[in-house]
1. Kindly provide the set of residues from the stretch A:186-217 that are assigned to a helix (DSSP H, G or I) and at the interface with chain B (Cβ under 9 Å from one of its Cβ atoms), ordered by number.
2. Pull up the stretch B:1-59, narrow it to residues that are within 30 Å of residue A:192 (Cβ to Cβ), within 13 Å of chain A (Cβ to nearest Cβ) and in a loop (DSSP other than H, G, I, E, B), then point me to the one that is modelled with the lowest pLDDT.
3. Quick one: is residue A:12 out of contact with any strand residue (DSSP E or B) (no Cβ under 7 Å at 6 or more places or on another chain), touching a residue at least 12 places away in the same chain (Cβ under 8 Å), surrounded by fewer than 22 Cβ atoms within 10 Å (Cβ to Cβ) and more than 29 Å from residue A:231 (Cα to Cα)?
4. Can you find, within the stretch B:134-151, the residue that is nearest to the other protein chains (Cβ to nearest Cβ) among those that are in contact (Cβ under 8 Å) with a residue 40 or more places away in the chain and under 22 Å from residue B:171 (Cβ atoms)?
5. Tell me yes or no: at least one residue of the stretch A:155-176 is under 22 Å from residue A:30 (Cα atoms), aliphatic (A, V, I, L, M), modelled with pLDDT of 95 or more and not in a loop (DSSP other than H, G, I, E, B).
6. Among (1) under 19 Å from residue A:26 (Cα atoms); (2) crowded, with 19+ Cβ neighbours inside 10 Å; (3) within 14 Å of chain B (Cβ to nearest Cβ); (4) not charged (D, E, K, R), which single condition is residue A:225 missing?
7. Mind listing whichever residues of the stretch A:160-180 are within 7 Å of chain B (Cβ to nearest Cβ) and crowded, with 22+ Cβ neighbours inside 10 Å?
8. Quick check, is residue A:183 at pLDDT below 90, buried (at least 16 other Cβ atoms within 10 Å of the Cβ), facing another protein chain (nearest Cβ under 10 Å) and assigned to a helix (DSSP H, G or I)?
Amino acid sequence: MASAPMTEDNSYGAWKFCAWNGMIFMAVFMYFWGWLGHNLPPFAGDTPASEVAAYFRDHRDAVRLGMVMSMTFAVSYAVWGIAIGKVMDYAIGRGHILTDLQVWGAGLTVVPILVSSSFWLLGSYRPEALDDTTLQMIYDAAWLLIDLAYAVTSVQMFGLGFGFLRDKRAEPFFPKWVCWYSIWVGFMFVAECFMPFFKGGAFNRSGILNYWIEFSIFFAYAPIITWYSLKAIGRIRVENGD
Amino acid sequence: MHAPSTMSADARKKTLALPGDEGVFFFITADMAMFALFFLVFMVGQAQAPDIYRASRAALDPALGLLNTLILATSGWLMVRAVEAARREQWSAARRNVIAAALVGLGFAATKAFEYHAKISHGITLNTNEFFTYYYAFTGLHFFHFVIGVLVLAITQAKLAAPEGEKTRIWLESAAAYWHMVDLLWMVLFPMLYLAGGTA
């Protein structure tokens, strides 16, 4: 007698599409939010208000487009988290609390991305009518929010890392190093706490530590997790004979 | 000409195997790589403003740094004793050593609290200058690692109260590896912040 499949949902095409949303999010985020929004890297905390304001005024349409796209595709991060959650359900059993933490962490990550992008969009909406320090304040607010909301993403990363460590397969869906990478990235995000205290140097929002290192390890995260999620979905499909 | 090996492949593999869970070593390696970058950033800053760093270093008390070094080294030694006891399946002895390691380790927190309080009460804060930015940031992050380590030791002693053989031994070795990382990072932080390059 054939064993019953471990999942009733065999819409693997949809699973894969959702998993690919990790890469879609990252591509949109880097180009539209990062490049067009002048966040790759951002203005340093000690950049004169006139320089920040001039950027909004001279590139208003680029910033508007960047943030509109960033807000539109922010939800793809949650969609990606749901795909990872489906794999976790299969790997460690349905309804595990670590799966819930992963899914909720991914879902809540959308909120600071949406809200901070709306701040940048606000700055580009009528920059000619706003003074330099107001525009600088809007830019500062967006960065303070997106950096200091790190903990919601850490929850996703801890849920994912500790969750897949419970996968007892001979060849787990996610190798141990990926699980520990996830935990480590979530752990190291705590360095963002230093950001509000600095306007220049390594810990300011564009500094080597708080921007280049922290964002690099985050930018590497989505491709790595997406790759192993897609591989896992393929294996689940084979295991279920679909 | 090589002498014929008398060690079996399995024995060789066991000898070369990392203690604890190998995944934890990925975390440790990544973490230490991050701190290595921190140290590099500090060294670059020091090369650019040696006088500020030298004068600032003079405000730190190397005796407190040394005390913390001794505390962490002693705590680390107790963890080694715990691992050795666990390998002999002497679980009670292992647990006692873990508890002792945590209690001795708490001395580090007390010293850091005293040191931070003394600095802040003298008006030396995160924004005093670049040296103290790094001093608070790096020792603060290290302290965060320390707090996590103490929590891990607390969980470890609870697991040792109801040991599950190999599983508990692997947990203990992993916890010890992490605790040694906390120790090792301090062994670099101490000379870098308190001693390197002399004082004014």
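1. Within the stretch A:186-217, A:187, A:188, A:190, A:191, A:193, A:194, A:197, A:208, A:209, A:213, A:217 meet the criteria.
2. Only one residue tops the list, namely B:20.
3. The answer is no for residue A:12.
4. B:145
5. Within the stretch A:155-176, one or more residues are under 22 Å from residue A:30 (Cα atoms), aliphatic (A, V, I, L, M), modelled with pLDDT of 95 or more and not in a loop (DSSP other than H, G, I, E, B).
6. Here residue A:225 clears every test but (3).
7. A:179, A:180
8. Taking the combined requirement at face value, the residue does not satisfy it.
The values are calculated or read from the model by the stated rules, or taken from the named source; none is laboratory data. Only a predicted model underlies this, so the values are computations on that prediction, with no experimental measurement involved. Please note: Cβ atoms are built from the backbone with ideal geometry, for glycine as well, and neighbour counts cover all protein chains shown.
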